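Participant: What follows is a single structure, and I will ask about it in a moment.
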Amino acid sequence: MPLLKSGLAVVLFALTGAPSLLSQSRDPSALVIVTGQQAGMPIPTFMEGPANLTANADVADQLFLRLAELPSDLMTTDERRFVPALAKSWARRDSLTLALDLNPKATWHDGRPVTARDVVFTFDRARNPKIAPKLAGLLHHIVSVTAEGDRRVVFRFDKVYAEQFYDATFNVQPIPAHLIPDTATVANPPQDFVARPIGDGPYRWVRSVPGQFIELAANPNFFLGAPKITRVFFRTAADVDARINLLLSGEADATDNIAAPLSNVERVRAASDLRIVPLASPTVGYLLFNQRDRSDRTKPHPILSDINVRRAIAAAIDRRPIVQAVFGQYAEVPYGPASQLLWIRRGAPKPAGPDTVLARRLLAKSGWYDRDGDGIVEKEGHPLELTLSFPLTSEVRKQIALQVQEQLRHAGIKIDLARLEGPVWAQRRSQGDFDIDFSAATQDPTPSGLTQSWSCHGGTNVGGYCDPGVDSLLDRAITMRSGTASVWQEILRRIEMDQPAVFVYAPAFAYAVNRRFDKAPIRPESSWLLVREWTYK
Amino acid sequence: MRRWLVHRGLQAAITLVLVAVLLFFLMRLAPGDPLGQLGADRQLTPAQIEATRKLYQLDQPLPRQFANWAWALLHGNLGTSFTHGRPVTALIAERMPATLLLGGTVLLINFTIGLWLGTVQAVRRGTLADRSLTALSLTGYAMPSFWLGLMLAWLGAVHWHLFPAAGFENPLLPTDAPWRTRAADVLAHLVLPATTLVVVSIAGTMRYQRRAMLEVLPLPYIVVARAKGLPEAVVRRRHAWRNALFPVLTLVGLWLPILATGAVFVESVFAWPGLGSLAAEAIGHRDYPLLMGTALLVSSLIILGGLLTDVAYAMLDPRVRWA
């Protein structure tokens, strides 16, 4: 080994003539974050369509400031507890009107002051479905955003609901009106601004080296205090092994979610200079039952429209050991479609455990018996055989699907696994062309997002689930100004009862951070938002 | 010769046009949708997805989309990437240096060391050296490139800290660092991915060269050269080696597209910012403009590789021209 090592060292000397590069001392105030994707369009109102990526949002969080930030417990319904950011203070004029006063010290990185006009400009763009379809959908309750002088912005809403302030502050950060054409869209972006964005956040843009990294520098004039970390690099490595190698070799200081298998986390944990930071994630993974016929959506699914079959499948799956095997301590079995990010999960009951006897009984109740002794139940000559679809890029879902397949086989249910290429899986899912879909939803911090998938007319309700009782509760929870927790929990309970899906996992993300950073807060709703508060030894 | 060249060039151009048309329609007709995944992962409503589809003009009929794309292509415009929001030509141009550096280095090592080792094997046919080199090269050939890359990265970067683990350059290096330092940094990053690719690919060159030499060495003109009293080294280099290069020329033509995008796994393991990873990303996202841009580039290189091989044959062997 020493001979090989020496040989390689000689090759390096001969090749580079600069071996000192590898041992050069690191700038302790620089932070290198390695991520899976590179931000190509980290500009609010442009992060639409395929540019709607976490990588873009992470960099945008450093460049652009929100009007206010979520409280530490992620409660989205109490405006008094939000943390001032670009807005210094706010006041409610009536149940439909909010007024926010901008911090007069806030400036763009080019030195111009941030004004109410910038906020109005941004919201005009964000509320325009031709420019920003996704944002327009999220902000559809805002009927007007107007400026009163240079510093005051007034929001008016179309109805009374608990998350007005959240809608006004969380979804989009203001952008400079003087640098962006009114009509620019993600398909027709202002190339100069994309190449060198100018924001008002704690970090300013330095450079982007395509396919490699983005460099940001601390904004010394940041009005909430100059960051201690002077340079931040978002380094790109699509492959999880490459990311881990960069961490272990000391070439990167931090990374976001360390992807499965669990051994990856253990490798990082074993490194003495790194620590693992578990953090609530916005992901919830579930086996979604298609209640409509695959080929004719007007008809019920021949098997899965029967609630007994759905409940039997749920009862036959022992989720806890599966989650333990795949995620170790970094996930829990959720109660209903609630990721760890959603505050409504607090106080929810424990999810039910497996009950194979109940599963068999429920199947028998609907006429499913194993008449030919092959281990699979049949009804009217047809075996209970279903396809479970999932994207082939997801190692987690593959591992879980295999275990689910095995567990259901013991209950007399045959599961065929369809491991599909990502875009094909997504297309089939959106068209309702599946029996059971292994979905992994990424949720916003607001529970009102549940309407998308779990209300009768929800835009992403591809499974055809419909319970008017749940819809009514959702309306109530969203419009109530206080005491909503119990209503949200009743919603989760009813969804669990209806069994539109088996909710399998709600993971915590395992972040890794170098120990030389003694204070390194990471936020669940936006991982690197508080890099501005990080300190180093 | 000129007429032949024009004829061959026209053939290549027509092939490229046909490939472009086929590529466009096959990609659009293949299952999967660039925006479908948004609905699955991002909680977008179908209405929002439709609005986004309009933004990218994906709502237009396929012939109209083709006409727009072809018209833009005729003006040298490959379109704007859906995921990057930037012109495809710029994205390809940005990734080209890393691709050429890695591919060029591997090609250079393959066709210097590989040819030399192949010749040594042929000359020493049946000896321990021949058998050992065959075993070693085939062992390398049999290794999956991603596995070998992972092993080399673990040994060279994580365990011994000799080379960088991934990437093309050290982001912490000052932008005003001397060129020598910057070049050394890039070379240090190149060592592990280039070694991986050389190990898994050099066997092909060696086997081709060995076989070609073995076919040439017993031929009458070699016997005549020896009979004339020429030193063995001259016989091998001037008479045998040169003529044994013809079959290897074909290999150069085959290598050209691999140079551009063939190292997807190695690029991935070492986060090498080349065209291979860009193409893989485009496929994963169904980023049609970027997918078309990279696919067209590879097709062009395949056609160009074939053309250059034919030209080289024609220049070196008059019998090919006459045929």
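Participant: Condition first: assigned to a helix (DSSP H, G or I), in contact with a Phe, Trp or Tyr (Cβ under 6 Å, 6 or more places away or on another chain) and more than 9 Å from every other protein chain (Cβ to nearest Cβ). Now tell me which residues in the stretch A:29-58 satisfy that.
Facilitator: Residue satisfying the conditions is A:ASP58 alone.
Participant: Consider A:VAL154 against the criteria (1) away from chain B (no Cβ under 14 Å); (2) of a type in the set (A, V, I, L, M); (3) touching a helix residue (DSSP H, G or I) at 6+ places or on another chain (Cβ under 6 Å): it satisfies all of them except one. Which criterion is unmet?
Facilitator: (3)
Participant: What are the pairs, 6+ residues apart or on separate chains, where a residue within the stretch B:61-81 that is away from chain A (no Cβ under 14 Å) has its Cβ under 6 Å from a residue that is of a type outside the set (Ser, Thr, Tyr) and in a helix (DSSP H, G or I)?
Facilitator: Listed by first residue and then by second, the contacts come to B:LEU62/B:ARG28; B:PHE66/B:PHE24; B:LEU78/B:VAL88; B:LEU78/B:GLY293.
Participant: Among A:LYS105, A:LYS134, which is at pLDDT below 95 and either in contact with an Asp or Glu (Cβ under 8 Å, 6 or more places away or on another chain) or more than 14 Å from chain B (Cβ to nearest Cβ) (or both)?
Facilitator: Matching residue, one of A:LYS105, A:LYS134: A:LYS134.
Participant: Inspect the stretch A:191-210 for any residue being under 30 Å from A:PHE82 (Cα atoms), at pLDDT 95 or above, aromatic (Phe, Trp, Tyr) and over 27 Å from the mean Cα position of the chain (by Cα) and give the result as yes or no.
Facilitator: No, that holds for no residue.
Participant: Next question, about the same structure. Which condition breaks for A:SER295 when tested against (1) part of a loop (DSSP other than H, G, I, E, B); (2) over 26 Å from A:THR484 (Cβ atoms); (3) touching a helix residue (DSSP H, G or I) at 6+ places or on another chain (Cβ under 6 Å)?
Facilitator: The failed condition is (3).
Participant: Taking B:THR195, is it among the polar types (S, T, N, Q) and in contact (Cβ under 8 Å) with a residue 60 or more places away in the chain?
Facilitator: In short, no.
Participant: Of the residues in the stretch A:461-492, how many are more than 14 Å from every other protein chain (Cβ to nearest Cβ) and touching a Phe, Trp or Tyr at 6+ places or on another chain (Cβ under 7 Å)?
Facilitator: Residues flagged as more than 14 Å from every other protein chain (Cβ to nearest Cβ) and touching a Phe, Trp or Tyr at 6+ places or on another chain (Cβ under 7 Å) within the stretch A:461-492 amount to 6.
Participant: Ok, one more. Any residue at all in the stretch A:334-343 that's of a type in the set (S, T, N, Q) and either assigned to a helix (DSSP H, G or I) or touching a Ser or Thr at 6+ places or on another chain (Cβ under 8 Å) (or both)?
Facilitator: So far as the stretch A:334-343 goes, yes, one or more of its residues are of a type in the set (S, T, N, Q) and either assigned to a helix (DSSP H, G or I) or touching a Ser or Thr at 6+ places or on another chain (Cβ under 8 Å) (or both).
Participant: Return the only residue of A:PRO302, A:PRO220 being free of Cβ contacts under 8 Å to residues at least 60 places away in the same chain and over 25 Å from A:SER389 (Cβ atoms).
Facilitator: Checking each option against the conditions leaves just A:PRO220.
Participant: For the stretch B:189-235, name all the residues that are within 21 Å of the chain's Cα centre (by Cα) and either farther than 21 Å from B:GLY253 by Cα or of a type in the set (Val, Ile, Thr) (or both).
Facilitator: Passing the criteria: B:HIS189, B:LEU190, B:VAL191, B:LEU192, B:PRO193, B:THR195, B:THR196, B:VAL198, B:VAL199, B:VAL200, B:ILE202, B:THR205.
Participant: Would you mention how many residues in the stretch A:167-195 are more than 14 Å from every other protein chain (Cβ to nearest Cβ) and in contact (Cβ under 8 Å) with a residue 12 or more places away in the chain?
Facilitator: Selection size over the stretch A:167-195: 13.
Participant: Kindly indicate whether A:ASP124 is surrounded by fewer than 21 Cβ atoms within 10 Å (Cβ to Cβ), at pLDDT 95 or above and within 28 Å of the chain's Cα centre (by Cα).
Facilitator: Taking the combined requirement at face value, the residue satisfies it.
Participant: Restricted to the stretch A:423-438, and to residues that are at the interface with chain B (Cβ under 7 Å from one of its Cβ atoms) and within 23 Å of A:LEU402 (Cα to Cα), which residue is nearest to the chain's Cα centre (by Cα)?
Facilitator: A:ALA426
Participant: Taking interchain pairs and intrachain pairs at least six residues apart, which have beta carbon atoms under 8 angstrom, with the first residue in the stretch B:146-169 and more than 8 Å from every other protein chain (Cβ to nearest Cβ) and free of Cβ contacts under 8 Å to residues at least 40 places away in the same chain and the second in a helix (DSSP H, G or I) and of a type outside the set (Lys, Arg)?
Facilitator: Filtered contacts from the stretch B:146-169: no entries.
Participant: Something else: Within the bounds of the stretch B:172-189, is there any residue that is more than 7 Å from chain A (Cβ to nearest Cβ) and closer than 16 Å to A:ASP241 by Cα?
Facilitator: The answer is no; no qualifying residue exists.
Participant: Does A:PHE223 satisfy the condition of being over 24 Å from A:ALA51 (Cβ atoms) and surrounded by fewer than 24 Cβ atoms within 10 Å (Cβ to Cβ)?
Facilitator: The answer is yes for A:PHE223.
Participant: Additional query: Within the stretch A:506-522, count every residue that is crowded, with 18+ Cβ neighbours inside 10 Å and in contact with a helix residue (DSSP H, G or I) (Cβ under 6 Å, 6 or more places away or on another chain).
Facilitator: Of the residues in that region, 3 qualify.
Participant: Given the criterion without any contact (Cβ under 8 Å) to a residue 24 or more places away in the chain, of a type in the set (Phe, Trp, Tyr), touching a helix residue (DSSP H, G or I) at 6+ places or on another chain (Cβ under 8 Å) and farther than 30 Å from B:LEU155 by Cα, identify the matching residue among B:TYR208, B:TYR221.
Facilitator: None of the other options fit; the residue is B:TYR221.
Participant: Being under 23 Å from the mean Cα position of the chain (by Cα) and more than 26 Å from A:LEU262 (Cα to Cα) is the filter here; which residues of the stretch A:494-528 pass it?
Facilitator: A:ILE495, A:GLU496, A:PRO500
Participant: Quickly run through the stretch A:108-167 and pick out the residues that are in a helix (DSSP H, G or I) and among the acidic types (Asp, Glu).
Facilitator: Matches in the stretch A:108-167: A:ASP118, A:ASP124, A:ASP167.
Participant: Just to verify a result, which residue in the stretch A:196-220, among those that are surrounded by fewer than 18 Cβ atoms within 10 Å (Cβ to Cβ) and not β-branched (Val, Ile, Thr), is nearest to the other protein chains (Cβ to nearest Cβ)?
Facilitator: Applying the filter and picking the extreme gives A:ARG207.
Participant: Then there is this: Any residue in the stretch A:125-137 that is touching a strand residue (DSSP E or B) at 6+ places or on another chain (Cβ under 7 Å) and small (Gly, Ala, Ser)?
Facilitator: Checking the stretch A:125-137: not a single residue is touching a strand residue (DSSP E or B) at 6+ places or on another chain (Cβ under 7 Å) and small (Gly, Ala, Ser).
Participant: Which count do you get for residues in the stretch A:221-235 that are over 26 Å from B:GLU94 (Cβ atoms) and within 14 Å of chain B (Cβ to nearest Cβ)?
Facilitator: The total comes to 2.
Participant: Filter the stretch B:124-172 down to the residues that are of a type in the set (Phe, Trp, Tyr) and in contact with a Lys or Arg (Cβ under 9 Å, 6 or more places away or on another chain) and list them by number.
Facilitator: Across the stretch B:124-172, the qualifying residues are B:TYR141, B:TRP160.
Participant: In addition: When only residues in the stretch B:82-106 that are among the small types (Gly, Ala, Ser) and either touching a helix residue (DSSP H, G or I) at 6+ places or on another chain (Cβ under 7 Å) or surrounded by fewer than 19 Cβ atoms within 10 Å (Cβ to Cβ) (or both) count, which is nearest to the other protein chains (Cβ to nearest Cβ)?
Facilitator: That would be B:GLY85.
Participant: Something else about it: Is the stretch A:236-248 home to any residue that is outside any strand (DSSP E or B), at pLDDT below 95, more than 8 Å from chain B (Cβ to nearest Cβ) and surrounded by fewer than 23 Cβ atoms within 10 Å (Cβ to Cβ)?
Facilitator: So far as the stretch A:236-248 goes, yes, one or more of its residues are outside any strand (DSSP E or B), at pLDDT below 95, more than 8 Å from chain B (Cβ to nearest Cβ) and surrounded by fewer than 23 Cβ atoms within 10 Å (Cβ to Cβ).
The values are calculated or read from the model by the stated rules, or taken from the named source; none is laboratory data. As the structure is a computational prediction, the values presented were derived from the model and not from experiment. For neighbour counting, all protein chains shown are included, and Cβ atoms are generated from backbone atoms with ideal geometry for every residue, glycine included.
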